[in-house]
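Comments concern the structure below.
The values are calculated or read from the model by the stated rules, or taken from the named source; none is laboratory data. Quantities reported herein were computed from a predicted structural model and do not represent experimental measurements. Cβ atoms come from the backbone with ideal geometry, glycine included; neighbour counts cover every protein chain shown. We work out accessible area using only protein heavy atoms, side chains counted, and drop any ligands, DNA or RNA first. Shrake-Rupley method; radii C 1.70, N 1.55, O 1.52, S 1.80 Å.
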Amino acid sequence: MSLIRKIKILTDLLMTAALLFLMAYQVTGEKFHEWFGVTLFLLFIIHNVLNIRWYGNLFKGKYRPLRVIRTVTNFAVFAVMLCLVYSGIVMSRYVFAALPVRGGMARARVMHLSGSYWGFVLMSLHLGLHWGMVTGMFRKLCGGRKNRLLSWCMRLFSVLLAGYGAFCFWQADIISYLFLKVEFAFIDYEKNAVLVLFQYMAMMGLWVFIACYMAKGIVKLSATGPKRKEKGDEEN
């Protein structure tokens with residue numbers, strides 16, 4: 001495995017971990033929440049630099065349904081990230097407190113609330129749309145051998161995790177935050193930290209599961225043939 005590939009994998013793993021800790025505000029507290037936000041944004045920049053070739057290939061090749069969905073998702077993540085950076089700087093009480101940014105606090109708070117959950121969902125979808133690359137990487141690490149029993153166990157685990165994630169998503173009423181039906185997030189500071197992180201991991205698993213099997217379904221239904229890559233579609 002090349003050094004660049006290893007750096008990409010490490011960057012993506014760190015981004016995933018940072019995203020989970022960002023969502024678990026009651027675990028980290030406000031100060032560390034801000035630092036995790038800065039970390040995620042820096043990793044996001046590194047991720048895009050490492051996958052810069054994807055941008056160069058935007059106007060090359062044909063746009064089949066899966067490529068369209070991936071492209072729209074990528075740019076949606078980019079837009080949400082910009083909104084989160086802006087609102088995070090305006091609201092900052094620690095990392096960017098020295099900056100001469102005043103006013104717009106109410107707008108920034110609402111933007112940050114909705115953007116945080118949209119970012120969580122979209123980044124999870126982004127991961128799911130590229131899950132085939134993740135499984136392919138692990139298969140290579142295992143010597144290219146496919147263990148049927150392990151595969152079925154992992155499928156069962158993914159179904160159970162996604163099911164629990166759907167329950168947590170509904171129980172936390174995240175739909176209300178996404179569409180600003182509620183403008184203040186309810187945070188349970190008494191909940192166990194490990195449980196909070198696991199619940200967000202399960203909710204991430206839900207959207208990864210949906211995106212992964214949606215991508216597989218689109219490939220199978222495509223009239224142009226299965227699993228055919230377009231130039232620029234394999235990155236980012």
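Pick from region 16-33 the residues that are open to solvent by less than 30 Å² (accessible area, probe 1.4 Å) and touching a residue at least 60 places away in the same chain (Cβ under 8 Å): which of them is farthest from GLY119 (Cα to Cα)?
That would be ALA24.
Search region 66-84 for residues that are farther than 15 Å from MET214 by Cβ and pair each with any residue that is open to solvent by 60 Å² or more (accessible area, probe 1.4 Å) when their beta-carbon atoms are under 6 Å apart and the residues are at least 6 apart or on different chains.
Final answer for the pair search is VAL80/TRP118.
Considering each residue of region 137-156, count those that are open to solvent by less than 90 Å² (accessible area, probe 1.4 Å) and either modelled with pLDDT under 70 or of a type in the set (A, V, I, L, M, F, W, C) (or both), and give that number.
5
Quick check: anything in region 2-10 part of a helix (DSSP H, G or I), surrounded by fewer than 17 Cβ atoms within 10 Å (Cβ to Cβ), free of Cβ contacts under 8 Å to residues at least 12 places away in the same chain and of a type in the set (Gly, Ala, Ser)?
Within region 2-10 (the criterion being part of a helix (DSSP H, G or I), surrounded by fewer than 17 Cβ atoms within 10 Å (Cβ to Cβ), free of Cβ contacts under 8 Å to residues at least 12 places away in the same chain and of a type in the set (Gly, Ala, Ser)), the answer is no, since none of the residues qualifies.
Among (1) open to solvent by 60 Å² or more (accessible area, probe 1.4 Å); (2) under 18 Å from the mean Cα position of the chain (by Cα); (3) within 17 Å of TYR25 (Cβ to Cβ), where does TRP131 come up short?
In the conditions (1) open to solvent by 60 Å² or more (accessible area, probe 1.4 Å); (2) under 18 Å from the mean Cα position of the chain (by Cα); (3) within 17 Å of TYR25 (Cβ to Cβ), TRP131 misses (3) alone.
Is one or more of the residues making up region 67-88 among the aromatic types (Phe, Trp, Tyr), surrounded by 18 or more Cβ atoms within 10 Å (Cβ to Cβ) and modelled with pLDDT of 95 or more?
Scanning region 67-88, I find no residue that is among the aromatic types (Phe, Trp, Tyr), surrounded by 18 or more Cβ atoms within 10 Å (Cβ to Cβ) and modelled with pLDDT of 95 or more, so the answer is no.
Consider only pairs whose beta carbons are under 8 Å apart and that are at least six residues apart or on different chains; among these, list those whose first residue lies in region 207-232 and is closer than 27 Å to GLY119 by Cα and whose second residue is open to solvent by 60 Å² or more (accessible area, probe 1.4 Å) and modelled with pLDDT under 90.
Pairs that qualify, where the first residue is closer than 27 Å to GLY119 by Cα and the partner is open to solvent by 60 Å² or more (accessible area, probe 1.4 Å) and modelled with pLDDT under 90, are VAL208/TRP131; ALA211/TRP131; CYS212/TRP131; ALA215/TRP131; VAL219/PRO226; VAL219/LYS227.
Restricting to region 151-202, count the residues that are assigned to a helix (DSSP H, G or I), of a type outside the set (Ser, Thr, Tyr) and under 23 Å from VAL27 (Cβ atoms).
Looking only at that region, the number is 21.
Out of region 165-190, which residues are open to solvent by 70 Å² or more (accessible area, probe 1.4 Å) and over 14 Å from LEU113 (Cα atoms)?
PHE167, TRP170, GLN171, TYR189, GLU190
Being part of a helix (DSSP H, G or I), open to solvent by 100 Å² or more (accessible area, probe 1.4 Å) and more than 30 Å from ILE218 (Cα to Cα): is that true of ARG107 here?
It is true that ARG107 is part of a helix (DSSP H, G or I), open to solvent by 100 Å² or more (accessible area, probe 1.4 Å) and more than 30 Å from ILE218 (Cα to Cα).
Among ARG53, ARG93, which is the only one that is part of a helix (DSSP H, G or I), open to solvent by 40 Å² or more (accessible area, probe 1.4 Å) and either in contact with a strand residue (DSSP E or B) (Cβ under 8 Å, 6 or more places away or on another chain) or among the basic types (Lys, Arg) (or both)?
ARG53
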